[in-house]
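The structure under discussion appears below in the form of C-alpha cells.
The values are calculated or read from the model by the stated rules, or taken from the named source; none is laboratory data. This is a predicted model, so every value here is computed, not measured. Every residue, glycine as well, gets a Cβ built from its backbone with ideal geometry; the counts of neighbours run over all protein chains shown. Note: accessible area is taken over every heavy atom of the protein model, side chains too, but ligands, DNA and RNA are not part of it. Shrake-Rupley method; radii C 1.70, N 1.55, O 1.52, S 1.80 Å.
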Amino acid sequence: MHGTTRIKITELNPHLMCALCGGYFIDATTIVECLHSFCRTCIVRYLESNKYCPMCDAQVHKTRPLLSIR
Ligand SMILES: [Zn+2]
Ligand SMILES: [Zn+2]
C-alpha cells in the first residue's frame, strides 16, 4: 500500500492559492456571494477599501462587507 503512488507536490492547485498574496490560503475565508476564497487577512484588508470581489467583481455586502465572508 505504499511506494507506487506519489502526489505531485510541485503541481500547484489554483483553488488553494490566494489571488491577493499569491500564496496558499492562511485561515481561508470565502465570500458568500460568489464563493471565492482568500486568506482572511488578505480579504479583510482588501474589503476595507473595496466592495467587490477581487476575482470576479461580484459586489460584496454593501454596508458591512465583512458580514459576507466566513
Ligand atoms: Zn492571501
Ligand atoms: Zn468572486
Legend entry - Candidate set: the stretch 52-70, residues that are open to solvent by less than 30 Å² (accessible area, probe 1.4 Å) and not in a loop (DSSP other than H, G, I, E, B); chosen: the one modelled with the lowest pLDDT: P65
Inset, instruction - Could you please give the count of residues in the stretch 18-51 that are within 13 Å of ligand 2 (Cβ to nearest atom), of a type in the set (S, T, Y) and open to solvent by 90 Å² or more (accessible area, probe 1.4 Å)? - result: 0
